[in-house]
Each structure stands twice: as structure tokens, then as C-alpha cells.
Amino acid sequence: MYLVRKIRSATALLLAIPVATFTAISTSDPALTIFAAGATVVPVAFVSAVSSRRELRLAVGMSALVLAPLAASIAWLFDSADAALSAAAFAVAGGVVGGLVAQGLLSFLENLFRMTTTLTLLDLTDRNHPGLRLLEEKAPGTFNHSILVGTLAGRAARAIGAQPLLAQAAAYYHDLGKTENPQYFIENQFGVSNPHDEIDPVASAEIIRTHVLEGERLARQLRIPETVADGIRMHHGTGLMRYFYHQALE
């Protein structure tokens, strides 16, 4: 995950080249060209590790504040000291407006290019998301289990420098398929007998296996991104269901 973050940062930094080139061609102004390149590079340091809406707002504000002295210095070097203050003010305003516009366009671009961004993950980890509401309504035991696993996964990812929001979202939805036949999963059996005791172990194994397929179906229906739906597909691996296997042997 650290490598992925470094690659994305490098891609963002490369954008400074065409932005600066376009500015140079269209304005022939060296001061604006340098500022355009700097304004593209500065936000990268602040947004690359954002994991909440509060941090995103903070990143926009910090970027705007850093752009202020950059603009003032460029104006002082290429124009005059009198122009430095107005340049700093325009830089702050431009940074804030640019951040707001980017947030507005983000949802459209996410859908267009089928990309999973921090904002997508923040929406997925919102308890009011339809998928989580469905889980809470139909399989409350599974819902509580998933929230706990998501909390642990997020903390573990943060500790090793991975992507905490992605780990948390994948954990929240990994058992989404248990909303079908929730009574066959132990965390939803409140004060009742285990229905697996009354059916063939082969049928039991099939029910357990099917919750992965049902989870994938629901993920497509709810438009959950592939990177998050991977948690549904992969969380059981390819291991043998030993309990039901040994029951079948007996």
C-alpha cells in the first residue's frame, strides 16, 4: 500500500509538467508558470494520506496557506514588494475555491472512470449507507461483527502504513451476503437452536459458501467498488470447511 501511495503521488507530481507548460504557452509569464507548477505540487503532500472528511478539509486549508507565501515570494521576485500581499490573498482564495471545485467534480469523475477515492470510501463507511443499513436490519449480529472487524482492520492498516479506509470498508462489507439466510450464521442465533443441526452437512457447507456469492450480487446491486468487494470474495480464502467436512465423513 505504501508503494501504491508513492506511485499515485508521483503521478500527481508529473501533472505539474503539463500544467506549467500550458501556462507558459498561454501566458508567456514566467511568474505564473512557476506558480502554476508549485500550485500543482503543493497539495500532493497534504491529500495523499487523507482518511476522513475533516482531514480533507484540513488539507485544502493547509494547501491554501502554503500557496500564500509561495505566491508572495514569486510576486516579490518578478514584480514588486507591493504586489506580494495581493498575490498571497489571491493564492489563498484560489486554493480554497480549487479545493471546493475538486470535491464537487470528484463524484462525477469517480463514476466516469470507475475509480475508488477517499471520498468513496468515506461514503461506504458511513453507517447510513444502504448496504450497512441492510446488514443491520437483516443480520444485526453480523453487522456488529463487521463493525468490530472494520475497526480492527483500520487500526492495523494505519499501524503498518497501509490504507485504513480501504481496509475498514472491505471489512464492513465482507459478510454482506449473510443478509440472505442470516439464521444459519452463529452470530445471528440469539437464544435459538442451530439450524445446521437439523440439515445435511453438505447443505450446510453450500449455505456457508453461498453467502460469498450473495455478497457479490449485493455489491454489484449497491455499486460497491471492486477494490472493496474483493473483501467479500477473498475473506474465506480457498480453505476446507473442516467442521462440515468431518460431519459429512461421519
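The values are calculated or read from the model by the stated rules, or taken from the named source; none is laboratory data. All figures in this text were calculated on a predicted structure; none of them were measured in a lab. Using ideal geometry, Cβ is built from the backbone for each residue, glycine included, and neighbour counts are taken over all protein chains shown. Quick note on the areas: whole protein, heavy atoms, side chains included, nothing else; ligands and nucleic acids left out. Shrake-Rupley method; radii C 1.70, N 1.55, O 1.52, S 1.80 Å.
Below are the figures for this structure:
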read-out	value
Among residues of the range 192-225, those that are open to solvent by 60 Å² or more (accessible area, probe 1.4 Å) and either of a type in the set (Ser, Thr, Tyr) or assigned to a loop (DSSP other than H, G, I, E, B) (or both), counted	4
Pairs, first free of Cβ contacts under 8 Å to residues at least 24 places away in the same chain in the range 128-147, second in a helix (DSSP H, G or I) and among the hydrophobic types (A, V, I, L, M, F, W, C), C-beta under 6 Å, six or more apart	Glu136/Phe143; Phe143/Leu135
Sole exception among (1) more than 20 Å from Leu124 (Cβ to Cβ); (2) in a helix (DSSP H, G or I); (3) free of Cβ contacts under 8 Å to residues at least 40 places away in the same chain for Glu187, by number	(3)
Within the range 148-164, considering residues that are open to solvent by less than 20 Å² (accessible area, probe 1.4 Å) and of a type in the set (A, V, I, L, M), the one modelled with the lowest pLDDT	Ala162
Condition met for Asp175 (of a type in the set (Asp, Glu) and in contact (Cβ under 8 Å) with a residue 12 or more places away in the chain)	yes
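Every residue, every condition in (1) farther than 29 Å from Met115 by Cβ; (2) hydroxyl-bearing (Ser, Thr, Tyr); (3) in contact with a Gly (Cβ under 7 Å, 6 or more places away or on another chain), yes or no:
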| position | (1), (2), (3) |
| --- | --- |
| Ser146 | no, yes, no |
| Arg155 | no, no, no |
| Gln168 | no, no, yes |
| Gln189 | yes, no, no |
